[in-house]
1. Applying the selection to region 13-35, what residues are of a type in the set (D, E) and either at pLDDT 95 or above or under 17 Å from A197 (Cα atoms) (or both)?
2. Among the residues of region 67-111, count how many are more than 16 Å from the ligand (Cβ to nearest atom) and either of a type in the set (K, R) or in contact with a helix residue (DSSP H, G or I) (Cβ under 9 Å, 6 or more places away or on another chain) (or both).
3. Considering only region 114-127, I want to know if a residue exists there that is modelled with pLDDT of 95 or more and touching a Gly at 6+ places or on another chain (Cβ under 6 Å).
4. Is one or more of the residues making up region 161-183 of a type outside the set (S, T, N, Q), free of Cβ contacts under 8 Å to residues at least 24 places away in the same chain and more than 16 Å from the ligand (Cβ to nearest atom)?
5. With respect to Y88, is the statement that it is aromatic (F, W, Y), modelled with pLDDT of 95 or more and surrounded by fewer than 18 Cβ atoms within 10 Å (Cβ to Cβ) true?
6. Suppose we filter region 35-61 for residues that are away from the ligand (no atom under 13 Å from the Cβ) and of a type in the set (S, T, Y); how many remain?
7. Taking the criterion of being within 24 Å of A279 (Cα to Cα), within 13 Å of the ligand (Cβ to nearest atom), under 16 Å from the mean Cα position of the chain (by Cα) and not in a loop (DSSP other than H, G, I, E, B), would at least one residue in region 128-135 satisfy it?
8. Among the residues in region 112-121, are any within 13 Å of the ligand (Cβ to nearest atom) and crowded, with 24+ Cβ neighbours inside 10 Å?
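The values are calculated or read from the model by the stated rules, or taken from the named source; none is laboratory data. Computed from a predicted model, the values in this text were never measured in an experiment. Here Cβ is always computed from backbone atoms with ideal geometry, including for glycine, and neighbour counts include all displayed protein chains.
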Amino acid sequence: MRISVKAPAKINLTLDVLAKRPDGYHEVEMVMTTVDLADRIDLTLLEEDGITLDCSASFVPLDERNHAYKAAQLLRDRYGVKKGVRIYIDKQIPVAAGLGGGSSDAAAVLRGLNSLWGLNLSLAELARIGAEIGSDVPFCVYGGTALARGRGEIVTPLGPPAPCWVVLAKPPLGVSTADVYGSLRVDKIARHPRTDAMLKAIERQDFRLMCDSLGNVLEEVTLPRHAQVRQIKELMRDSGADGVLMSGSGPTVFALVQKQAKVYRIYNALRGFVKEVFAVRMLGGSEAEILA
Ligand code: ATP
């Protein structure tokens, strides 16, 4: 038996860091939403125990270091599963980009194996297991749009934001999330995002307010270090984007756009500058769409 699961990328509409905790993690507050740029994961049931992993991208680890592999291992060990799985990841989400590719793969494997191995676990239980793999995995288990707090593991699902297009551009740089958080001076953050305003914008499906409330404190670390990220932001704004922000720790920058005609203009302007550009829809809130 074989099933195919979709693992969509996420963007941060807001990312705030409230404090550095004694356990080393950062206390965050983030509004995240999924976009229609997704890895596809094939899971083939094996009658005997064993986990194998293959991936279309050559620079992704294929062993326990892979979040998808870890997800399968955790589920198998925790629930004493005697069957195995062959995992194949068709990678479409740029790696180390701030788009949560690895986290989404892990979440998709948790959801997929829950059904393939007949475990009958709730999304909340899968999210709890996901938190052991990474801070963004619980959000990815739910998908759609949500507020994530704590170190990312306290997830409150939200309704869908105003529907729009998202143009994503990734400059050819890898950014280490740990390094960016490590360099952030929490007591020196110049501008915190207005998370409350973003929650209101989503509740009212107010596109303008959503664009005005975008904010990510990690820009304060990544922007001064990388001219290309600043240039992409400027280019997006100059070509008519309604809202522009860096996602996660970067280096991917996204533009929110309401009118389709503008999407092509922004896409074409960016393609002259960087190779990895995507124009996709926001998935927003439909679970059926996300898990299809
Ligand atoms: P986040 O925003 O959650 O920090 P990201 O989009 O910045 O994630 P990923 O694409 O998840 O970054 O990759 C981060 C690192 O994780 C990579 O260096 C990669 O080696 C490793 N990794 C482990 N599993 C995966 C996976 N399934 N897909 C991509 N990268 C993975």
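1. At the first step, the residues of region 13-35 found to be of a type in the set (D, E) are 16, 23, 27, 29.
Scanning region 13-35 gives D16, E27, E29.
2. Going residue by residue through region 67-111, those that are more than 16 Å from the ligand (Cβ to nearest atom) are 76-84.
Then drop every residue that is not either of a type in the set (K, R) or in contact with a helix residue (DSSP H, G or I) (Cβ under 9 Å, 6 or more places away or on another chain) (or both), which leaves 76, 78, 81-84.
Counting residues in region 67-111 that are more than 16 Å from the ligand (Cβ to nearest atom) and either of a type in the set (K, R) or in contact with a helix residue (DSSP H, G or I) (Cβ under 9 Å, 6 or more places away or on another chain) (or both) gives 6.
3. Taking every residue of region 114-127 in turn, none turns out to be modelled with pLDDT of 95 or more and touching a Gly at 6+ places or on another chain (Cβ under 6 Å).
4. Looking through region 161-183, none of the residues is of a type outside the set (S, T, N, Q), free of Cβ contacts under 8 Å to residues at least 24 places away in the same chain and more than 16 Å from the ligand (Cβ to nearest atom).
5. Numbers: aromatic (F, W, Y): yes; modelled with pLDDT of 95 or more: yes; surrounded by fewer than 18 Cβ atoms within 10 Å (Cβ to Cβ): yes.
When the stated conditions are applied, Y88 passes them.
6. So the first thing to find is which residues in region 35-61 are away from the ligand (no atom under 13 Å from the Cβ), and the list is 36, 42-52.
Okay, now just the ones that are also of a type in the set (S, T, Y), so 44, 52.
The number of residues fulfilling the criteria is 2.
7. From region 128-135, those within 24 Å of A279 (Cα to Cα) are none; that's our starting set.
Among the residues of region 128-135, not one is within 24 Å of A279 (Cα to Cα), within 13 Å of the ligand (Cβ to nearest atom), under 16 Å from the mean Cα position of the chain (by Cα) and not in a loop (DSSP other than H, G, I, E, B), which makes the answer no.
8. If we filter region 112-121 for residues that are within 13 Å of the ligand (Cβ to nearest atom), which is where we start, we get none.
The answer is no, given that none of the residues of region 112-121 is within 13 Å of the ligand (Cβ to nearest atom) and crowded, with 24+ Cβ neighbours inside 10 Å.
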